[in-house]
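Chemist: One structure coming up, written as structure tokens, with questions to follow.
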Amino acid sequence: MNILIIGSGGREHTLSWKIKQSRHCNQLFILPGNAGTAKLGENVNLNPNNFEQVKDLVIEKDIELIIVGPEEPLVNGIVDFFESQNELKNVKIFGPSKKGAQLEGSKDFSKDFMFRNKIPCANSKTFNSKNIEEGFSFLEKISPPYVLKADGLAAGKGVLILDNIDEAKRELREMLINKKFGDASRSVLIEEFLDGIEVSVFFITDGKDYIMLPEAKDYKRIGDGDKGPNTGGMGAVSPVSFADDDFMKKVKNKVVERTVHGINSEKINYKGFVFAGLMNVNGEPFVIEYNVRMGDPETQVVIPRLKNDLAEIILMCLEGDLDKVSTKFKREYATTVILASNGYPEKYTKGKKISKVYDDEDTLIFHAGTKLVSGDIISNGGRVLACTGFGSRLSEALENSYKKADEILWDDKYFRKDIGKDLL
Ligand code: AMP
Ligand code: GLY
């Protein structure tokens, strides 16, 4: 069948790479894609949030399966749109409904969902401009650090962690009154601080059953030693040594099964990936957030470890047959190091020519912010390439990732030098 993947990042290049290997995949289309996906299928330059245009493309190219990479079209209701089109009854779309996507689109919704379903998470209260004074008194009652979260999607920037109460009050006002994050901060959650180590857990659900994917650790800050501003993620490793059998058993029992049970009992239409960002607090999992999609750059280490045909899993999921799927993972380590444009996540330049981009036996290069111009690979974003390395030991995988990170050349290349070092 012809398959469409929506998105343009390293996650979507990785999904394209995997889907292209499927026995179900005939032609592959990527919307809008990047220089990496252009080698696997046809990039189509459309806005994924213009559903009518996506529909025209689906009809024109005889597409039968749509896989949605990023959260935005999901939160905007792309799944409900396609499921409501009578003339597209043979088109399947993988991802949660608009309501399901609220698990990521509204932190207040997702917190209530966790409370209702007894999923371990930080205590929190939500405030808006009308009861901001109550927010100030709430801050006075709790102890620092203070965690403030914009309710809506804020491109990964909507969380502030502050040590000082005056600063916390100032920022609460900035968010609620001065709309620091626009509409996303119309409501703000004040949350208990969780002290631990983070791990990203992934599963696929059809709303009744689930299959686990490998876990990963993401390195979110721009600088070595976890210094500097947050980014989309500067590197990742999988598997994660501290997510041992004992911990993962708790994750399944207290997080994954309760999440799927909640989706089922609340009649949420959800056939898609779930990404639970967890904090391991003294061996106990707490959910920091849900995402209704795969992580980026976690996908670049998780998906290459999956041995199954991913399109087959997705088709089984869409049929409600996930209970019949049994997964197999490679035991080897996968690590990825993101090559970014100097200055990211703030100001950076685009349009630089990149050379020496080659996969080899122990590495795969996944593209993010790149485009092809007259056959040349040109930088076109903050996060540009992901160097995924493999090895039977973590150190070996990292050596392979870093060999590529050094080899690939362009002016303005920046990468962290310490990905995975804390786990060696
Ligand atoms: P989020 O956008 O919800 O993933 O939050 C961004 C980052 O803020 C997370 O990856 C954590 O590192 C941190 N964070 C969020 N909530 C908490 C919390 N309650 N306690 C400690 N750190 C948190
Ligand atoms: N790497 C974190 C995310 O995809 O949200």
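The values are calculated or read from the model by the stated rules, or taken from the named source; none is laboratory data. The model shown is predicted, which means the values in this text are computed figures rather than measured ones. Cβ coordinates were reconstructed from backbone atoms using ideal geometry, including for glycine residues, and neighbour counts include every protein chain displayed. These accessible areas exclude ligands, DNA and RNA; they are computed on the full protein's heavy atoms, side chains included. Shrake-Rupley method; radii C 1.70, N 1.55, O 1.52, S 1.80 Å.
Residue by residue, here is whether (1) more than 21 Å from the chain's Cα centre (by Cα); (2) within 16 Å of ligand 1 (Cβ to nearest atom); (3) surrounded by fewer than 24 Cβ atoms within 10 Å (Cβ to Cβ); (4) modelled with pLDDT under 95 holds:
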residue	(1), (2), (3), (4)
VAL301	no, no, no, no
LYS328	yes, no, yes, no
VAL337	no, no, no, no
ALA340	no, no, no, no
ASP359	yes, no, yes, yes
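Chemist: Assess whether LYS18 counts as being touching a residue at least 12 places away in the same chain (Cβ under 8 Å) and over 19 Å from LEU310 (Cα atoms). Quick ask: steps written out before the conclusion?
Modeler: Values: touching a residue at least 12 places away in the same chain (Cβ under 8 Å): yes; over 19 Å from LEU310 (Cα atoms): no.
For LYS18, the condition - touching a residue at least 12 places away in the same chain (Cβ under 8 Å) and over 19 Å from LEU310 (Cα atoms) - is not met.
Chemist: Then there is this: Taking the stretch 133-160, which residues are within 16 Å of ligand 2 (Cβ to nearest atom), open to solvent by 30 Å² or more (accessible area, probe 1.4 Å) and not basic (Lys, Arg)? Outline the logic, then answer.
Modeler: Kept after step one, since they are within 16 Å of ligand 2 (Cβ to nearest atom), are these residues of the stretch 133-160: 149-150, 152-159.
Filter once more, keeping what is open to solvent by 30 Å² or more (accessible area, probe 1.4 Å): 153, 155-157, 159.
Those that are within 16 Å of ligand 2 (Cβ to nearest atom), open to solvent by 30 Å² or more (accessible area, probe 1.4 Å) and not basic (Lys, Arg): LEU153, ALA155, GLY156, VAL159.
Chemist: I would also like to ask the following. Could you say which residue among ASN253, ASN264 is touching a residue at least 12 places away in the same chain (Cβ under 8 Å) and open to solvent by 70 Å² or more (accessible area, probe 1.4 Å)? Even if it seems obvious, please write down each step before you answer.
Modeler: Details: ASN253 fails: touching a residue at least 12 places away in the same chain (Cβ under 8 Å).
From the options ASN253, ASN264, the qualifying one is ASN264.
Chemist: If you don't mind, there's one more thing I want to ask. For the stretch 117-132, indicate whether the set of residues that are open to solvent by less than 20 Å² (accessible area, probe 1.4 Å), under 24 Å from the mean Cα position of the chain (by Cα) and free of Cβ contacts under 8 Å to residues at least 40 places away in the same chain is non-empty.
Modeler: Among the residues of the stretch 117-132, not one is open to solvent by less than 20 Å² (accessible area, probe 1.4 Å), under 24 Å from the mean Cα position of the chain (by Cα) and free of Cβ contacts under 8 Å to residues at least 40 places away in the same chain, which makes the answer no.
Chemist: Can you pull out every residue in the stretch 244-277 that is under 30 Å from LEU424 (Cβ atoms) and within 19 Å of the chain's Cα centre (by Cα)?
Modeler: Passing the criteria: VAL251, VAL255, VAL256, PHE273, VAL274, PHE275, ALA276, GLY277.
Chemist: Another question, then. Do the conditions hold for SER401, that is, is it modelled with pLDDT of 95 or more, buried (at least 23 other Cβ atoms within 10 Å of the Cβ), in a helix (DSSP H, G or I) and not hydrophobic (A, V, I, L, M, F, W, C)?
Modeler: Working: modelled with pLDDT of 95 or more: yes; buried (at least 23 other Cβ atoms within 10 Å of the Cβ): yes; in a helix (DSSP H, G or I): yes; not hydrophobic (A, V, I, L, M, F, W, C): yes.
For SER401, the condition - modelled with pLDDT of 95 or more, buried (at least 23 other Cβ atoms within 10 Å of the Cβ), in a helix (DSSP H, G or I) and not hydrophobic (A, V, I, L, M, F, W, C) - is met.
Chemist: Of the conditions (1) within 14 Å of ligand 1 (Cβ to nearest atom); (2) assigned to a strand (DSSP E or B), GLY272 clears all except one; give me its number.
Modeler: Of (1) within 14 Å of ligand 1 (Cβ to nearest atom); (2) assigned to a strand (DSSP E or B), only one is false for GLY272: (1).
Chemist: Sort out which residues of the stretch 147-165 are among the charged types (D, E, K, R), in contact with an Asp or Glu (Cβ under 8 Å, 6 or more places away or on another chain) and more than 10 Å from ligand 1 (Cβ to nearest atom), and write them in order of number.
Modeler: Taking the stretch 147-165 first, the residues among the charged types (D, E, K, R) are 149, 151, 157, 163.
Checking which are in contact with an Asp or Glu (Cβ under 8 Å, 6 or more places away or on another chain) leaves us with 149, 151.
ASP151, the sole residue that qualifies.
Chemist: Against the definition (in contact (Cβ under 8 Å) with a residue 24 or more places away in the chain and part of a helix (DSSP H, G or I)), how does LEU172 come out, yes or no? It would help to see each step written out before you state the result.
Modeler: On the way: in contact (Cβ under 8 Å) with a residue 24 or more places away in the chain: yes; part of a helix (DSSP H, G or I): yes.
Answer is yes for this residue.
Chemist: Right, next: Are any residues in the stretch 191-206 within 20 Å of the chain's Cα centre (by Cα) and outside any strand (DSSP E or B), and if so, which ones? Before you say what the answer is, go through the steps one by one.
Modeler: Pass one, the stretch 191-206, residues within 20 Å of the chain's Cα centre (by Cα): 197-206.
Matches in the stretch 191-206: ASP206 only.
Chemist: Next question, about the same structure. When residues of the stretch 1-25 are filtered for being part of a strand (DSSP E or B) and crowded, with 20+ Cβ neighbours inside 10 Å, how many remain?
Modeler: We begin by selecting, within the stretch 1-25, every residue part of a strand (DSSP E or B); these are 2-7.
Okay, now just the ones that are also crowded, with 20+ Cβ neighbours inside 10 Å, so 3-7.
Residues meeting the conditions: 5.
Chemist: Would you point out the residue of the stretch 375-393, among those that are among the polar types (S, T, N, Q) and open to solvent by less than 10 Å² (accessible area, probe 1.4 Å), that is nearest to ASN342 (Cα to Cα)? Before the answer, list the steps.
Modeler: Within the stretch 375-393, the subset among the polar types (S, T, N, Q) is 379-380, 388, 392.
Pick out the ones that are also open to solvent by less than 10 Å² (accessible area, probe 1.4 Å) and you get 379, 388.
Numbers: SER379: 11, THR388: 20 Å.
If we take residues in the stretch 375-393 being among the polar types (S, T, N, Q) and open to solvent by less than 10 Å² (accessible area, probe 1.4 Å), then SER379 is nearest to ASN342 (Cα to Cα).
Chemist: Does the stretch 286-296 contain any residue that is more than 26 Å from LYS107 (Cβ to Cβ), surrounded by 22 or more Cβ atoms within 10 Å (Cβ to Cβ) and touching a Phe, Trp or Tyr at 6+ places or on another chain (Cβ under 8 Å)? I'd like the intermediate steps shown before the answer.
Modeler: So the first thing to find is which residues in the stretch 286-296 are more than 26 Å from LYS107 (Cβ to Cβ), and the list is none.
Scanning the stretch 286-296 turns up no residue that is more than 26 Å from LYS107 (Cβ to Cβ), surrounded by 22 or more Cβ atoms within 10 Å (Cβ to Cβ) and touching a Phe, Trp or Tyr at 6+ places or on another chain (Cβ under 8 Å).
Chemist: If you don't mind, there's one more thing I want to ask. If I filter the stretch 54-66 for residues that are hydrophobic (A, V, I, L, M, F, W, C) and within 18 Å of the chain's Cα centre (by Cα), do I get at least one hit?
Modeler: Filtering the stretch 54-66 for residues hydrophobic (A, V, I, L, M, F, W, C) gives 54, 57-59, 63, 65-66.
Then keep just the ones that are within 18 Å of the chain's Cα centre (by Cα); that gives 66.
Scanning the stretch 54-66, I find at least one residue that is hydrophobic (A, V, I, L, M, F, W, C) and within 18 Å of the chain's Cα centre (by Cα), so the answer is yes.
Chemist: If LEU28 meets every condition in (1) open to solvent by 20 Å² or more (accessible area, probe 1.4 Å); (2) closer than 26 Å to GLY389 by Cα apart from one, which number is that one?
Modeler: Looking at each condition in turn, LEU28 falls short on (1).
Chemist: Quick one: GLY295 ticks every box in (1) away from ligand 2 (no atom under 16 Å from the Cβ); (2) in a loop (DSSP other than H, G, I, E, B) bar one, so which box is it?
Modeler: For GLY295, the failing item is (1).
Chemist: Are there any pairs, at least 6 apart or on different chains, whose C-beta atoms fall under 9 Å, with the first in the stretch 147-161 and closer than 19 Å to LYS98 by Cβ and the second near ligand 1 (Cβ under 8 Å from one of its atoms) and not in a strand (DSSP E or B), and if so, which?
Modeler: That search, which allows pairs on different chains as well, returns ASP151/LYS107; ASP151/GLY158; GLY152/LYS107; GLY152/GLY158.
Chemist: Can you tell me which residue among ASP183, ASP209 is open to solvent by 60 Å² or more (accessible area, probe 1.4 Å) and over 15 Å from the mean Cα position of the chain (by Cα)? Lay out the reasoning, then the answer.
Modeler: Numbers: ASP209 fails: open to solvent by 60 Å² or more (accessible area, probe 1.4 Å).
Of ASP183, ASP209, the one residue that is open to solvent by 60 Å² or more (accessible area, probe 1.4 Å) and over 15 Å from the mean Cα position of the chain (by Cα) is ASP183.
Chemist: Let me ask another. How many residues does the stretch 226-250 contain that are open to solvent by 40 Å² or more (accessible area, probe 1.4 Å) and outside any strand (DSSP E or B)?
Modeler: 8
Chemist: Listed residues ASN253, ASN264; which is in a helix (DSSP H, G or I) and in contact with a Lys or Arg (Cβ under 7 Å, 6 or more places away or on another chain)?
Modeler: Details: ASN253 fails: in contact with a Lys or Arg (Cβ under 7 Å, 6 or more places away or on another chain).
After ruling out the rest, the residue left standing is ASN264.
Chemist: Suppose the filter is more than 30 Å from ARG221 (Cα to Cα), away from ligand 2 (no atom under 16 Å from the Cβ) and surrounded by fewer than 17 Cβ atoms within 10 Å (Cβ to Cβ); does LYS307 pass it?
Modeler: Numbers: more than 30 Å from ARG221 (Cα to Cα): yes; away from ligand 2 (no atom under 16 Å from the Cβ): yes; surrounded by fewer than 17 Cβ atoms within 10 Å (Cβ to Cβ): yes.
Here the answer is yes, as LYS307 does meet what is asked.
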